[in-house]
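Enquirer: Before I ask anything, let me first share the structure, which is written out below as structure tokens.
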Amino acid sequence: QVQLVESGGGLVQAGGSLRLSCTASGRTLNIYYVAWFRQAPGKEREFVSGITWSGLAKDYADSVKGRFTISRDNAKNTVALQMNSLKPEDTALYYCKASERSSMGGYEYWGQGTEVTVSS
């Protein structure tokens, strides 16, 4: 099993920055891909950004490209999402998702979410 804990959410003014962290624990050796999703009230959950556990490949949704940066720490058990130039439309509950290698079962795990609120 893998456990994910998100942190770093909060209230910030438009144009400001936040840094979200997703820390994985448990059996993390088979994690292949870590992604951030977000869900605003009344909307479907959407992909924000993702990174391979190696850190060599990164993905961004068009809505955040150029403003958000995803990265991993040296211990390779934490993925961060640096969010700059925040907009009110970025307000949502942000979730961390970890995916295992398909050869190891392809299991997926979700964190509890951290709330981001951007005021205008």
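Enquirer: Given the Cα-Cα distance of residue 11 and residue 54 and 0.36 nm per residue of separation, how much length would full extension add, in nm?
Expert: Gain in length upon complete extension: 12.4 nm.
Enquirer: To the nearest 20 debye, what charge dipole does the chain have about its Cα centre, counting +1 at the Cβ of each Lys and Arg and -1 at the Cβ of each Asp and Glu?
Expert: In debye, rounded to 20, the chain gives about 240.
Enquirer: In what order, largest first, do 90, 73 sit by accessible area if the probe radius is 1.4 Å? Write down the numbers at each step before the final one.
Expert: Values: 90 0, 73 55 Å².
Of 90, 73, the descending order of accessible area is 73, 90.
Enquirer: How long are the semi-axes of the equivalent ellipsoid of the chain, defined as square roots of 5 times the Cα gyration tensor eigenvalues? Whole Å, largest first.
Expert: Each semi-axis is √(5λ); the values are 24, 14, 13 Å.
Enquirer: Students sometimes get this wrong: rank 58, 65 by accessible area, probe 1.4 Å, all chains present, largest first.
Expert: Final ranking, largest accessible area leading: 65, 58.
Enquirer: Another question, if that's okay. Considering only protein heavy atoms, what per residue accessible area in square angstrom results for the chain with a 1.4 angstrom probe?
Expert: 54
The values are calculated or read from the model by the stated rules, or taken from the named source; none is laboratory data. These numbers were taken from a predicted model, which means no experiment stands behind them. A quick note on method: Cβ atoms are made from the backbone with ideal geometry, for glycine too, and the neighbour counts reach across all protein chains shown. For accessibility, only protein heavy atoms count, side chains too; no ligands or nucleic acids. Shrake-Rupley method; radii C 1.70, N 1.55, O 1.52, S 1.80 Å.
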